[in-house]
Amino acid sequence: MSSRIWALVIKEFLAILRDKKSRLILIGPPLIQLLVFGYAATFDLSHIPYAVYNQDAGFASRELLGDFQGSRAFRQVAIIQREGQIAPLIDQGKALLVLQIGPNFTEDLLRHQPAPLQILIDGRNSNTATLAMNYANSVVFAFDQRWAREHHWGHPPAQLLSRSWFNPNLLSRWFIVPGIVALLTLVVTLLVTGLSVAREREQGTFDQLLVTPLTPGEILLGKALPGIVVGALEGAFITLVAVFWFQVPFIGSIPALALGLLLFLLAAVGIGLMISSLSLTQQQGLLGVFLFLVPAIILSGFATPIANMPSLVQDLTYINPMRYFLVIVRGVFLEGDGISMLWDQYWPLALIALASMAAASWLFRHRMQ
């Protein structure tokens, strides 16, 4: 019994190592995933972009701002002159938080009175917002302790008032659940299309399909439509569950989400058909799907901010369709975005969809010859 098992093990290894594509799948995915996890999957925050709205001319506010500037966790990106400049900075993602110091900050401290200090933070990513708030609290707490010691206070003087935009209670569910719309839609669509052509080859029915009157374009379209329909139904179902079951607010435009979902599905279907056209068996197709899925999810900003990734890895995210759809779905859910506000996400997604469908068409025709 043991000799037969050993012979089977040797045969399986030989079968894998003799196949060039199997060897590539055996070596390539672990290496790629190691690089992606090592560089991109981090929950540590560094160089948090923040803006300053200082209405106080005293030395205490300058001392506090010096503590923020001297911290490695923060990077000042703007100085605000009026209150109307706050919203655009946070809305456009240029600043994660805004530090607002009142006009009587130094005067209140010198009078041994509490000095209000406000931090406005972007709460769309609740995990990032919570970490950034903790870092800010640590800087303010260190300032409090030093001021109390130097000016003989019996208790910390500054009072920190925080307010999160888009996600007032910093509920992680509001951030994660809309992202699941993109995640599960991508997984289902890739599985449906990534195994379609490979399944025909493995079952021996692909040659029968070629002798039918259908043209290659019609065959490709027939393979693509089921993935689009299944993906659309999956996306719609998850959206309904997010709104009615998880109580995630949906304050944006339904047509804006529908347009983004259509472009995202076209891109995903094109990638799935590319994988399926290159695969001879369903096993290869399945491995190809997961080879694409892991980097696509990590490099999309689903769990970790793209801004915290190395610059080279950030450049790779521009060819990831999930990156753009995540911005669309979270913008529609939490920010109330409409079509006009999301054009900068639609056109890159459309280009990726066009390129992936064109590549899938070429590969399909090439493999048929």
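FYI, it's all coordinate maths here, none of it is from the lab. Given the structure is predicted, the values throughout are model-derived calculations rather than measurements. So basically every Cβ, Gly included, is an ideal-geometry build from the backbone, and we count neighbours across all protein chains shown.
Computed 3J(HN,Hα) for region 241-258, one whole-Hz value per residue from the Karplus formula 6.51 cos²θ - 1.76 cosθ + 1.60 where θ = phi - 60°, is 5, 4, 7, 8, 9, 8, 6, 7, x, 10, 10, x, 9, 5, x, 5, 5, 5, glycine and proline marked x. Calculate the FRET efficiency for residue 150 and residue 85 from the Cβ-Cβ distance with a Förster distance of 30 Å, rounded to the nearest 0.05. Rounded to the nearest 0.05, the efficiency is 0.35.
Normalised by the number of residues in region 46-174, the average gap of Cα pairs under 8 Å and 6 or more apart makes the relative contact order 26 percent.
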